[in-house]
1. Going Cα to Cα from Lys49, which lysines come in below 23 Å? Please leave out same-chain ones fewer than 8 positions away.
2. Peptides 39-49, 65-75: what's the order by average Cβ count within 10 Å, highest mean first?
Amino acid sequence: MIDMLGALLASEKPNGAILPGDLNELHWSIVAIVVVFGLLAKLALPPIKKALRDRTAKIEQELGAADKAKADALAEAERVRASVGDAEADAVRIVADAHQSAKQLDVSLRARADQEAQDLRQRALADIESSKVQAIADLQAEVASLARGAAEAVVRHNLDDATQASLIDNYINQVGA
């Protein structure tokens, strides 16, 4: 029985350099590939799209939070400036005879308030930039991972004639044994 099967398989001639000896094998291979890609599109594509949408939403949320922090920092700087102006008016009213001291206090407070405002702006800009860089890096890593997976899938299915012949011979030897 096994000898007959081996003889039958050995007697089949290929239909050409590309087509195997058994066209049914080609048809079933095509059906299997279509089913596998259909399942991948049905089962794997929606979670991938959802993950990308979630990541985009998270990045937008972080950028919104960074904008809010920047606006809060600017409001705080304005409050500090207003506070400095009030402190100056109080100092002038309370200490009319120490006019020179009030001017020195005003200059130092303004410089400090401006420095704090500048520091807050710089920190907010740095936070925005680092969030942006992190988001871009995460997206690049995700795209690279997806591309690598796709390339691996393509490489697995692209065999040259010698490798394909070797695989067929190994299969025939296993079936014949």
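Please treat every number below as a calculation from the coordinates, not as lab data. Keep in mind it's a predicted model, so treat the numbers as computed, not measured. As a convention, Cβ positions derive from the backbone with ideal geometry for all residues, glycine included, and neighbour counts pool all protein chains shown.
1. Lys58, Lys132
2. Values: 39-49: 10.0, 65-75: 13.9.
Ranked from most to least packed, the peptides come out as 65-75, 39-49.
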